[in-house]
Every structure is written in structure tokens, then in C-alpha cells.
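Have a look at the structure below before the remarks.
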Amino acid sequence: MIDIVSGSDCVGCKACGDICPVEAISYKTDEEGFWYPEVNRDVCVNCGLCEKTCPALACHYASGENRKEPKTYKAYHKDKKIRYNSTSGALYYALAETFIREGGYIVGCVYSEDYSRAYHYISNTMEGLWRIMRSKYFQSDTEGIYRNVRQLLDEGRKVFFCGTPCQVSALYGFLRKDYRNLFTVDFICLGINTPLAFQKFTEELKQRYRSDIAEVHLKNKLRGWTNLGTMVTFKNGRKLYRGRDNDPWVNAFVVGKLYMRPSCSNCRYKGFPRVSDISMGDFWGIRYTKEEEKLGVSVALINTDKGDELLKCAEKDLVLEKRRFQEAVEGNPALIQPVAVNPRRGEFFQRIRTEPYSRVVWSILGSNALKRQLKVIKDRTRRLLKRMLR
Ligand SMILES: Cc1cc2nc3c(=O)[nH]c(=O)nc-3n(C[C@H](O)[C@H](O)[C@H](O)COP(=O)(O)OP(=O)(O)OC[C@H]3O[C@@H](n4cnc5c(N)ncnc54)[C@H](O)[C@@H]3O)c2cc1C
Ligand code: SF4
Ligand code: SF4
Ligand code: SF4
């Protein structure tokens, strides 16, 4: 039975619920907003399938021969609009589009319509691809997805699954069979945030702007890819853009690592070989042209022969350049190191119950973050004054 996985190891993939033959497993969300399995012992028949599937107990791979040193490319999409609308260089879009063109299915994360949650979704249309693309930086609900993917695979459909490395591992653990028609991609994963923090962040904005949200675009490139911008469009037509220096969500995630899942500090998916056919990420740490700095550059780590096949299908849409594997590792410590726990994490979860989101974040992140915020306000005022004088 799955309760041998302690709270700090469980990655919340929900594969144990999908595999259980007697529906003995349900999920309960704790006060931090993360879900964990609960087993109904009266129903459990002790078959052990949940343990065999669990990605917190063992890593499950695309093949027995995932490369210890993946082939490494710098990659970006030739179409600038698609690249602008993606998180990094739109490598994902190029790969996914080939499946849709061939009548296959893509599986990835989408926001719910009211932006209160994220969940895994299956599509075979371009509209679906535009919903699935882009990073949603909090945990995606995958309940039921493994069963649905298996059904498609058994029907002989081509499936392209994208998720965190632990979600991809959960899928392989669930399937326990080598499907020729399954292809997977994961991303370099800093860690996954609680949906609760995202809800608090958006609730505060909805109150301030007196409107529901029409769209959230994290890592928006209006002022460049490296500015890690947050763009929120409201239903009343108003818009908000904040850069990495003055957005509490980006600071709490990237700088503070304030509200990640406990398992991410203990992640067994760091290092190599990686679980999927391809791993993608931002190609941090190399020299960029002005255009690259604005529109983003992806790193592509090709982990398997199937990954080579995938890249070949998409290469006509991509600008590709072979790079040294070490360059990818040097620029992105999240490839090899689990994230450290912020010592004030507990305080965040305590205070967020009664205090406004941004006040809690800025007061915990401390003077440096506040100094950066003041500088942004000063710069903005200076620009405004200049414009008025002109
Ligand atoms: C939580 C998180 C942490 C990340 N940390 C890093 C990092 O430390 N370093 C780095 O280089 N890159 C990181 N990335 C990856 C990066 O943000 C881009 O997603 C990646 O480079 C692909 O960019 P793209 O332009 O090719 O595709 P995109 O259009 O961004 O495609 C994104 C794909 O990721 C999937 N996805 C989005 N959100 C989630 C989610 N919450 N859960 C599961 N799947 C999701 C979508 O389904 C889609 O298939 C992270 C992504 C996430 C979601
Ligand atoms: S041991 Fe079998 S029956 Fe019991 S919870 Fe796990 S999968 Fe379900
Ligand atoms: S890691 Fe996934 S399979 Fe393992 S206990 Fe947690 S939810 Fe279940
Ligand atoms: S850091 Fe590790 S445990 Fe956390 S979501 Fe990413 S792959 Fe899963």
C-alpha cells in the first residue's frame, strides 16, 4: 500500500490512484495546497501495484538506454510570433505540431478557464496546442490522465506526453510496457509551486483590478525573455505587466523558492540519464544576440534514439545548433541540484491565511527585494517626470 511514501517524498503525480484496480485511493489537499494520497484500507486488496508505479520509490525511464550524456542543441522556432508566445525558444511547439499534423495526440498542462488551477489535458488540435504551450509555474492535476493515455496508446494512436520529470516517470511506471507510439518530453525542473500560492496571487490582482482574469502569461517577452515578465490581462480590458524585479510571483518562485512542494528539495530526477526522450529548458549561460535576448532560446537534450527521431521530424521549423553538453549543465544548476528549502517557508504558509499575498512575499524576501522594488518605482517616476518635462 502506498502510504510507505512519506509526505516529503510524494511528488503528487496521482498515478497510484489511476493504477489502483479497486479505487481505494483518493487525494486530500493539505493546508499548503498540495495533494497527497489516502488509502481506504477496507477496500485495498494489497496488490502492490501502487508501489510499483510510484515515481517517488523508483525512476521509470523511456528506454533502458537513456544517454548519460545527452546530445545537446541550442534551438528556437523560425516563426517569431510562435517564439514570442512560448516560454523559451518554442522547441515544444515545433515538436508538438508534428504530432497534430500527423493525426496524433498531445498531452500537457492547461489553465482552467478561471485561472484557479492547472491540469493535464489531451488534444489533437492546434487550438489545444495553444492552450497547452507555455509554462504554468504551479502543480498540474494529472488525475485520470495516465488511464486516458493508455487507452489512446492501446488504440494505436501516436501520443506526445509532456510533464515534469516525475510526471513522465509516473507515466512509464503506470504503463510498464514499451509503446512504440509513445514519445515524451520533460523540462529542466527547478521545482513545482503550490496551486494555493497562485490562487492567492491572482485573487489579490482580481481585487485590485476589480475584474476577473482573461489571461495570465508568465515569462512574457514584452520587455525581453530575460526580464521574466508577468503579463495579466483582465476581463475589463485592463492589463498588468511587471518585470522580474517587481513581480512578487517571480521573486517568490525564482529567488525565494518560497512555496515549492517538499519533494522538490529531495528530487530524485536530478542528474543523468534523464527519464524522457527529450528534455527542454532555457539555454541560460551562453552568449545571446539582441534578438535571442528578446525572443528566447531553448536547450534541447536528446536522451534517446526516439528523441533523435522526434527532433528530425521538427527540424524544418527550427534553427538548431549543436552545443557542448557541459554548457547546458553549467548554465542551469536545476539540472543537477535539488532546490534548497527556504527557512521561512513555514512563515509564508502561516501568514498567507490572513494577510495579502504580496505583503507576505515582500516582507519575507526582505530588504534586497524591497530595494529592487524601490529602484523600479524610482526609475518609473524618473521616466514619467522626463516625459512630462518634454
Ligand atoms: C514548474 C516549472 C519549472 C521550470 N524550471 C526550469 C528551470 O529551472 N530551468 C529551465 O531552463 N527551464 C525550466 N522550466 C522549463 C521552461 O519554463 C520551459 O517550459 C521550457 O524551456 C520549454 O519552453 P518552450 O518554449 O519550448 O515550450 P512551452 O510553450 O513553454 O511548453 C511548455 C510545456 O510544458 C508543459 N507545462 C507547462 N506548465 C506545466 C506544469 N505546471 N506542469 C507540467 N507541465 C507543464 C506544457 O504542457 C507544455 O507542454 C520550468 C518549467 C516549469 C513548468
Ligand atoms: S495495494 Fe493495490 S489495492 Fe491497495 S491501494 Fe495499492 S493499488 Fe490499490
Ligand atoms: S508520488 Fe505519485 S504514485 Fe507515489 S504516492 Fe505520491 S501520488 Fe502516489
Ligand atoms: S523538482 Fe523533481 S520532484 Fe519537484 S516537480 Fe520537478 S521533477 Fe518533480
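Bear in mind that the values in this text are calculations on the coordinates, not laboratory data. None of these values were measured; they are calculated from a predicted model. FYI the Cβ positions are ideal-geometry reconstructions off the backbone, even for glycines, and counts take in every protein chain you see.
Restricting attention to the range 325-355, and to residues there that are touching a residue at least 40 places away in the same chain (Cβ under 8 Å) and within 16 Å of Ser298 (Cβ to Cβ), which single residue is farthest from ligand 3 (Cβ to nearest atom)?
Step by step, filter the range 325-355, then rank; the result is Glu327.
Would you confirm, using the coordinates I've provided, whether Glu113 is part of a loop (DSSP other than H, G, I, E, B) and within 16 Å of ligand 2 (Cβ to nearest atom)? Steps first, answer last, please.
Values: part of a loop (DSSP other than H, G, I, E, B): yes; within 16 Å of ligand 2 (Cβ to nearest atom): no.
No: the conditions fail for Glu113.
Determine whether Glu32 is more than 19 Å from Thr184 (Cβ to Cβ) and either assigned to a loop (DSSP other than H, G, I, E, B) or within 16 Å of ligand 4 (Cβ to nearest atom) (or both). First the steps, then the outcome.
Values: more than 19 Å from Thr184 (Cβ to Cβ): yes; either assigned to a loop (DSSP other than H, G, I, E, B) or within 16 Å of ligand 4 (Cβ to nearest atom) (or both): yes.
The answer is yes for Glu32.
Can you name every residue in the range 147-186 that is over 19 Å from Ile278 (Cα atoms) and within 16 Å of ligand 4 (Cβ to nearest atom)?
Passing the criteria: only Phe174.
What about Tyr137, is it in a loop (DSSP other than H, G, I, E, B), aromatic (Phe, Trp, Tyr), within 16 Å of ligand 4 (Cβ to nearest atom) and under 21 Å from the mean Cα position of the chain (by Cα)? Break it down stepwise before answering.
On the way: in a loop (DSSP other than H, G, I, E, B): yes; aromatic (Phe, Trp, Tyr): yes; within 16 Å of ligand 4 (Cβ to nearest atom): yes; under 21 Å from the mean Cα position of the chain (by Cα): yes.
The answer is yes for Tyr137.
Quick one: in the range 161-184, which of the residues that are under 14 Å from Ile106 (Cβ atoms) and surrounded by fewer than 24 Cβ atoms within 10 Å (Cβ to Cβ) is nearest to the chain's Cα centre (by Cα)?
Ranking the qualifying residues of the range 161-184, first place goes to Leu182.
Being of a type in the set (Val, Ile, Thr), within 11 Å of ligand 3 (Cβ to nearest atom) and surrounded by 12 or more Cβ atoms within 10 Å (Cβ to Cβ) is the filter here; which residues of the range 1-55 pass it?
Ile2, Val5, Val11, Ile19, Ile25, Val39, Thr53
Just wondering, is there one or more residues in the range 167-176 that are among the basic types (Lys, Arg), at negative phi and not in a helix (DSSP H, G or I)? First the steps, then the outcome.
Initial filter on the range 167-176 (among the basic types (Lys, Arg)): 176.
In the following step, the residues that additionally are at negative phi were identified as none.
No - not one qualifying residue is present in the range 167-176.
Only residues that are part of a loop (DSSP other than H, G, I, E, B) and crowded, with 17+ Cβ neighbours inside 10 Å: list them for the range 225-244, please.
Residues of the range 225-244 part of a loop (DSSP other than H, G, I, E, B): 228, 235-238, 243-244.
Within the range 225-244, Leu228, Gly243, Arg244 qualify.
Got a sec? Which of Lys74, Lys81 is outside any loop (DSSP other than H, G, I, E, B), free of Cβ contacts under 8 Å to residues at least 12 places away in the same chain and surrounded by fewer than 24 Cβ atoms within 10 Å (Cβ to Cβ)? Outline the logic, then answer.
Working: Lys74 fails: free of Cβ contacts under 8 Å to residues at least 12 places away in the same chain.
Unique residue meeting the criteria: Lys81.
At least 1 residues that are under 30 Å from Cys54 (Cα atoms) in each: list the strands (runs of 3 or more DSSP E) lying fully within the range 260-333 that qualify.
Working: elements: 278-282, 298-302, 318-322.
In the range 260-333, 278-282, 298-302 are the strands (runs of 3 or more DSSP E) which contain 1 or more residues that are under 30 Å from Cys54 (Cα atoms).
It is to be established whether one or more residues within the range 291-310 are among the aliphatic types (A, V, I, L, M) and over 22 Å from Tyr84 (Cα atoms).
If we filter the range 291-310 for residues that are among the aliphatic types (A, V, I, L, M), which is where we start, we get 295, 297, 299-302, 310.
Keeping just the survivors that are over 22 Å from Tyr84 (Cα atoms) gives 302, 310.
Yes; the residues of the range 291-310 include at least one that is among the aliphatic types (A, V, I, L, M) and over 22 Å from Tyr84 (Cα atoms).
For every residue, the table says whether it meets (1) closer than 18 Å to Ile188 by Cβ; (2) of a type in the set (Asp, Glu).
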site: Asp305; (1), (2): no, yes
site: Cys313; (1), (2): no, no
site: Gln326; (1), (2): yes, no
site: Pro338; (1), (2): yes, no
site: Arg344; (1), (2): no, no
site: Arg353; (1), (2): no, no
site: Val361; (1), (2): no, no
